[in-house]
Amino acid sequence: MLYCENCQVLSRDGKTCPVCGGKKLRPVRPDDPVLLITVGEEESARISAAFQDAAIPCFAQAQGAGSVLSILGGQPRSTARRVFVPFGEVEHAREVLIGIGALKEGASAKPPEPEREEQPMSRGRRAAARIFFAVVFLAVIWIVVYFCDILAGYLKSLFH
Ligand SMILES: [Zn+2]
């Protein structure tokens, strides 16, 4: 397992950091803090308490501005907390999360994928719809003009 020291996350592909894309990775050490889960403020308090009971050192960090989500244009989610635990405690922490119902059995302890933002997608869809209607509109005009030509030719033939 390789680890990005800057972002405190594990590399999934073993080559680059999933957050910063950096290649300055090193093998993870048991005491390295890793991003376990991103949760709401209340959930993070509940998780921290459960970890304290289980003697797992952890810390929660506010999902601040400048994080990867913000750069991607997401809503500022000031209430989101990123919960870190030492790498050596990840499996134990996962069991605790499952125990308190914060994580479903069999789910990965890895942080969720950054959410795909609704805004650019719906904007893209709106643009596609606009192009579609423009094409339909042109096609209708073309059909009308075409049939007018035929009609005009027919009418002309009647009078000659
Ligand atoms: Zn990184």
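Tally the residues that are more than 17 Å from Phe84 (Cβ to Cβ) and assigned to a loop (DSSP other than H, G, I, E, B), restricting the search to region 13-27.
8
Of the residues in region 19-32, how many are buried (at least 17 other Cβ atoms within 10 Å of the Cβ) and more than 9 Å from the ligand (Cβ to nearest atom)?
Step one: of region 19-32, the residues buried (at least 17 other Cβ atoms within 10 Å of the Cβ) are 19, 25, 28, 32.
If we keep only those that are more than 9 Å from the ligand (Cβ to nearest atom) as well, we get 28, 32.
The qualifying residues number 2.
Identify all residues within region 41-59 that are in a loop (DSSP other than H, G, I, E, B) and touching a strand residue (DSSP E or B) at 6+ places or on another chain (Cβ under 9 Å); write none if there are none.
From region 41-59, those in a loop (DSSP other than H, G, I, E, B) are 54-58; that's our starting set.
Within region 41-59, Ile56, Pro57, Cys58 qualify.
Within 13 Å of the ligand (Cβ to nearest atom) and either closer than 25 Å to Gly101 by Cα or out of contact with any strand residue (DSSP E or B) (no Cβ under 7 Å at 6 or more places or on another chain) (or both): which single residue out of Thr16, Thr38 fits that description?
Values: Thr38 fails: within 13 Å of the ligand (Cβ to nearest atom).
Testing whether each residue is within 13 Å of the ligand (Cβ to nearest atom) and either closer than 25 Å to Gly101 by Cα or out of contact with any strand residue (DSSP E or B) (no Cβ under 7 Å at 6 or more places or on another chain) (or both) leaves just Thr16.
Please find, among Phe59, Phe51, the residue that is more than 9 Å from the ligand (Cβ to nearest atom), crowded, with 18+ Cβ neighbours inside 10 Å, without any contact (Cβ under 8 Å) to a residue 60 or more places away in the chain and among the aromatic types (Phe, Trp, Tyr).
Details: Phe59 fails: crowded, with 18+ Cβ neighbours inside 10 Å.
The conditions single out Phe51.
Residues of region 2-13 being of a type outside the set (Phe, Trp, Tyr) and either buried (at least 19 other Cβ atoms within 10 Å of the Cβ) or away from the ligand (no atom under 14 Å from the Cβ) (or both), which ones?
Pass one, region 2-13, residues of a type outside the set (Phe, Trp, Tyr): 2, 4-13.
Scanning region 2-13 gives Cys4, Val9, Leu10, Ser11.
Readers should treat all values here as calculations from the given coordinates under stated rules, not as data from a laboratory. Computed from a predicted structure; not experimentally measured. All Cβ positions, even for glycine, are placed from backbone atoms using ideal geometry, and neighbour counts span all protein chains on display.
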